[in-house]
Each structure stands twice: as C-alpha cells, then as structure tokens.
1. Determine the sum of side-chain charges near I27: Lys and Arg each +1, Asp and Glu each -1, restricted to other residues whose C-beta is under 9 angstrom from that of I27.
2. From the phi angles alone, apply the Karplus equation (6.51, -1.76, 1.60; θ = phi - 60°) to the stretch 41-57 and give each ³J(HN,Hα) in whole Hz, x where the residue is Gly or Pro.
3. Taking H as built 1.01 Å from N, whose amide H comes closer than 5 Å to the amide H of I39, not counting residues under 5 places away?
4. By the scheme Lys and Arg +1, Asp and Glu -1, what is the net charge of all other residues having a beta-carbon under 14 Å from that of L53?
Amino acid sequence: MKVGDLRVFNSDVGWYYNNRMFVITRIYDDSAAIEINMIDTGFTDHWDRISLLHDSKSVAVKKCP
C-alpha cells in the first residue's frame, strides 16, 4: 500500500460498509498506522496496516482496449 491507493472495505466491516471507498492519505513510518480519507464523507480515520489489508481490497483501474 502507498499514499494515493484507492481501496474499498469488505462488506463485513461494520459501519464502514456504508462509506466503502477510501484513499490512503498518509503512512506513518514510525508505527503501523495509516491515515485514510473516506471518499463519500471526507471523514478521516487511522487504521492499523495489517487490519486494513485484511478488511479491504484494492480498487483496480481497468482500461478498455
């Protein structure tokens, strides 16, 4: 994961399911924390990197030929 990655929460992640899409806005080098920004609401939160990997998936940008 890196800053700017667009991800969505898995469907079983509580209230975050209603705010599914988010972007990673900061990665803290001195801890396991990552700052995320919810696309729909603009809400900012902090998550553990390992938890975030488990609870979300990457949004791939597919290009049509």
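1. +1
2. 10, x, 5, 10, 9, 10, 10, 6, 4, 5, 4, 5, 4, 6, 8, 9, 9
3. Placed amide hydrogens put M21, F22, V23 under 5 Å from I39.
4. +1
Bear in mind that the values in this text are calculations on the coordinates, not laboratory data. This is a predicted model, so every value here is computed, not measured. We place every Cβ from the backbone using ideal geometry, glycine too, and count neighbours over all the protein chains shown.
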